[in-house]
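This report refers to the structure that appears directly beneath it.
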Amino acid sequence: MTDSRSYGDELAVVTVTYSPGRTLERFLDTLPKATDRRVRVVLADNGSTDGAPERAAERPDVDLVPMGANLGYGAAANRGMAELGEEYGWVVVVNPDVEWGAGCLDELLAAAARWPRGGSFGPLIREPDGSIYPSARLRPSLGRGAGHALLCKVWPSNPFSRAYRQSEAALAERTAGWLSGSCLLVRREAMDSVTGFDPRYFMYFEDVDLGDRLARAGWLNVYVPSAEIVHIGGHSTSRVSARMLAEHHRSAYRYLADRYRGMVWTPLRLVLRAALEMRARIAVRLSHRER
């Protein structure tokens, strides 16, 4: 059900923290160069033990909101947004391990003015080595998703992965199926219309699901490469654990199962579950060998 509240034009940043280490300092130190606006920052904390969020909350305009437990990314982001008053019509949901580019938030807001049906806006994301992360992708269809999942490790340039990642698309402002949740400017009215992130996704695919539901509700997901950030990598996700790999595959199954409901699709869901569970076990074994 669409919320009919009218929001103001203020801007807030909501970041989900989980022992983010020193990356949070860099995140906050570079934020002032991203916009000329005054920005309120909400730290939706999932149970940090390193003291970084508490130290950050000593800064002006930074509020710490403890979740009381590790709720996962989407649920914590929803709680963080719920802390904001109606004057905040624009919210950036972002990882705490990014470095802001000069004027990047102003670029996203300028794009939002050009796209009145835009519900989410994503910047160009660079890796620390300067390479561009494919953050604006197509929605994963069954065939394209299966091809990408099966071949991406052994044949990274396979046609399924290239199409899904939009690897060969021009660096131009355009719509996308979904945008990376590592940095996403959202129109609050649009988020209300789809009730925010789906809290069933503990981690991974919450951004894919959001992009799909926004599109189904009539909103656009807009890629804005004139805005840039660097994903510097966070302390809490510096090592891929067995749990993270399992959650990735569990979320992939949830996304597909939600879109192939009903008795007629039961055989397909059973095959998908078995295939993803097997792929998760293989991924865990490979990750152990690489250490």
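The values are calculated or read from the model by the stated rules, or taken from the named source; none is laboratory data. For clarity, every value in this text was computed on a predicted model and none was experimentally measured. Heads up, the Cβs are rebuilt from the backbone with ideal geometry, glycines too, and the neighbour counts pull from every protein chain shown. Surface accessibility is based on the protein's heavy atoms, side chains included, excluding ligands, DNA and RNA. Shrake-Rupley method; radii C 1.70, N 1.55, O 1.52, S 1.80 Å.
Brief remarks on what is shown
- Heavy-atom accessible surface of the range 37-79: percent carbon and sulfur, 1.4 Å: 50
- Distances between placed amide hydrogens fall under 5 Å for ALA227 paired with LEU124, all partners being 5 or more residues away or on another chain.
- As a rough guide to protection, the peptides 130-138, 34-42 ranked by mean Cβ packing within 10 Å, highest first, stand as 34-42, 130-138.
- Residues whose amide H falls under 5 Å from that of VAL98, counting only those 5 or more places apart or on a different chain, are ILE232, with hydrogens built in the peptide plane.
- Distance in nm between pseudo-label sites at ALA217 and SER6 (7 Å out along the Cβ direction from Cα): 2.0
- Of all DSSP-defined beta bridges confined to the range 2-133, some 10% are antiparallel rather than parallel.
- Neighbours of TYR204 by Cβ distance under 9 Å: Lys/Arg scored +1, Asp/Glu scored -1, total -2.
- Between LEU64 and LEU43, the built amide H atoms are under 5 Å apart, and every one of these is 5 or more places off in sequence or on another chain.
- Net charge contributed by nearby residues that have their C-beta within less than 14 Å of VAL230 (K/R +1, D/E -1): -3
- Residue-count net charge about GLY8 - beta-carbon cut-off 9 Å; Lys, Arg +1, Asp, Glu -1: -4
- Residue-normalised convex hull volume from the C-alpha trace of the range 1-113: 106 Å³ per residue.
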